[in-house]
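Values quoted throughout were computed directly from the atomic coordinates according to the rules given, and no laboratory measurement underlies them. Just so we're clear, the structure is a prediction, and the values are computed from it rather than from any experiment. Because the Cβ atoms are built from the backbone with ideal geometry, glycine has one as well, and the counts that use them run over all protein chains shown.
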């Protein structure tokens, strides 16, 4: 097998391993999902970091706090279409 054929397969395997390492149980989804940092979630949802925290506060997306106190966001619960900065106007 040539190096050109091996490299994409290795890249795919590394990507798959990273996803499995990041998988956690989401109680709201009742499923094993990829959990993201708020910054990664903002990037994936094409939203601002402020929007992510507002959605957490409004319980619009699924999240949990991990043992070190940091926030993990369920990738499956993020909006599928790019947002137009749906900010905190409805969150008080």
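Which whole-number percent gives the relative contact order of region 3-90, counting Cα pairs below 8 Å spaced six or more residues apart? Working shown, then result.
On the way: 95 pairs, mean separation 23.5, N = 88.
Dividing the mean separation by the residue count of region 3-90 yields 27 percent.
Subtracting the Cα-Cα distance from 0.36 nm times the residue separation, let me have the gained length for residue 14 to residue 58 in nm, one decimal.
Numbers: separation 44, 0.36 × 44 = 15.84 nm, distance 3.48 nm.
Computed gain between residue 14 and residue 58 is 12.4 nm.
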(request) Take each of the peptides 28-35, 39-46, average the number of other beta-carbon atoms within 10 Å over its residues, and list them starting from the highest. (result) 39-46, 28-35
